[in-house]
1. Multiply the residue separation of A280 and V33 by 0.36 nm, subtract the distance between their alpha-carbon atoms, and state the gained length in nm to one decimal.
2. At 7 Å along the Cα-to-beta-carbon direction for both V323 and A239, put a label point, then send me their distance in nm to one decimal.
3. Under a crude label model (7 Å from the Cα following the beta-carbon direction), how far is E419 from D292 in nanometres?
4. Can you tell me the Rg and the Dmax, both Å, for the Cα atoms in region 66-193?
5. Using 0.36 nm times the number of residues separating N41 and T6, minus their current alpha carbon distance, what extension gain do you get?
6. If r is the Cβ-Cβ distance from K22 to N262 and R0 is 25 Å, what FRET efficiency results, to the nearest 0.05?
7. Magnitude of the Cβ-charge dipole of the chain, K/R +1 and D/E -1, about the Cα centre, nearest 20 debye?
8. Considering only lysines 8 or more places apart in sequence, or on different chains, count the pairs in region 281-423 whose C-alpha atoms sit under 13 Å apart.
Amino acid sequence: MSERKTIYLCLAHMSETGEELKYVKEAFDTNWVVPMGPNVNAFEKDLETFVNRGQNTDRRVICLSAGTAAVHLALLACGVGPGDEVCVQSFTFCASSHPITYLGAKPVFIGSEKDTWNMDPDLLEVAIIDRKKKTGRYPKAIVPVSLYGMPYQIDRIMEIANRYDIPVVEDAAERMGSRYDGRALGTFGKFGVLSFNGNKMITTSGGGALICRTKEEADEIMWYATQARDAYPYYQHTAIGYNYRMSNVCAGIGRGQMTVLNDHIAHHKHVQTLYEELFADVPEIHIHKQPDDLRYDANFWLCAATIDKDAHVVGQENAYKEVIKTAVGGAAGVIHSVDTAVTDCQPNENVEALRVFMLDKMVECRPLWKPMHKQPVYDGTDVYTNGVEEELFKVGFCLPAGPYVTDDDVRYIVECIKEAIRN
Ligand SMILES: *Cc1c(COP(=O)(O)O)cnc(C)c1O
């Protein structure tokens, strides 16, 4: 038991042949250790080939320092500014909504539907009409997310967005390799966001990219990403820009990772299938599956599941008794300490007990994203919801699914969960 290493949710995983090092070394050998250069250009070309593959599109890709930066610049290019409103999925990681506030605009949170756990098209339309009634203006942009790699209801969201002529920024950070109707996610909206953070489908250590429709839009994004300079011999600025371009060293990692991307995607799908099989005879656990609709082709970035409210988990009597002293999960940096063990919106006690039980078994089992409209920082923000995402947050959890998760690991994880609920 003591020999067992922790099985994390999803970790960076380099190619076995060291392709990444080859490109990184090239950056050093040629002294391109700057936020531009041959690796960045080639990585962008690789990504363009990937997102345009098998479809009639000619999308451009601009590499940036983070997925969050990509959301920020996409919203900026949609004309979002102070006083504007943006409809964003509430059930997501904070990087989908925070950039709205960077621009002085206000998020309007949209609840999820039960099938994909993503933005509910009906609620979106209710919100659009109601915002127009209340403020006299339509929201400036719509940000749907593909949570855990699951495509959102793209046809319906796009139809509504087109009807009201509101641009869509697809937050595809978790779904590189997911497709809908044969087309890469991130190519349906005006912009599509990718992330290469350490825990995503592929990594550049940290980084992101923005999928753009036209060369003009891509140029504009590039301009903003490099401090918005005008063509003079000295630095002349007519707009506020950002330092968001990707490093040539990081892009080298990305080029190497592109050689294993398809393997990673296949592995995530394989692990998902195995979980689905092994949990088939565990009635208390429900794996989040893709809708019975052939258009959906999720990458299954993480395996998400729910556990029945009344399923008893070992140790749940002690859940939330102690104030947590360190970060749960992969959070880096400084975490503010807290003086209570509970908040007014948290996973059920059996979910927390399962997290603790699994940690003891050296398995990372993390809660789902806490809905943004329940975050104290967004207190008082408008929300349109049927409560689906809050209910899911109470009963849901994620399981490891990265490339290094073996079949034996999955079997072990499922056995541990059975042990937790059968004792
Ligand atoms: C990871 C992620 C991002 C952005 O990621 P970075 O860490 O800034 O690269 C944005 N949205 C969602 C939903 C994500 O999971």
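The values are calculated or read from the model by the stated rules, or taken from the named source; none is laboratory data. Values in this document were obtained by computation on a predicted structure and should not be read as measured data. Every residue, glycine among them, receives a Cβ derived from its backbone with ideal geometry; neighbour counts consider all protein chains shown. Remember, those area values only see protein heavy atoms, side chains included, never the ligands or the DNA or RNA. Shrake-Rupley method; radii C 1.70, N 1.55, O 1.52, S 1.80 Å.
1. 83.9 nm
2. Spacing of the two 7 Å Cα→Cβ label points: 4.7 nm.
3. It works out to 3.6 nm between the two label points.
4. Reported Rg and Dmax, both Å: 13.1, 39.
5. Values: separation 35, 0.36 × 35 = 12.60 nm, distance 3.67 nm.
The N41-T6 span can extend by a further 8.9 nm.
6. Values: r = 19 Å, r/R0 = 0.75.
Computed FRET efficiency for K22 and N262: 0.85.
7. On the way: 43 positive and 58 negative charges, 211 e Å.
Value, rounded to 20: 1020 debye.
8. Values: K309/K394; K361/K418; K370/K394; K374/K394.
Close lysine pairs under the 13 Å cut-off: 4.
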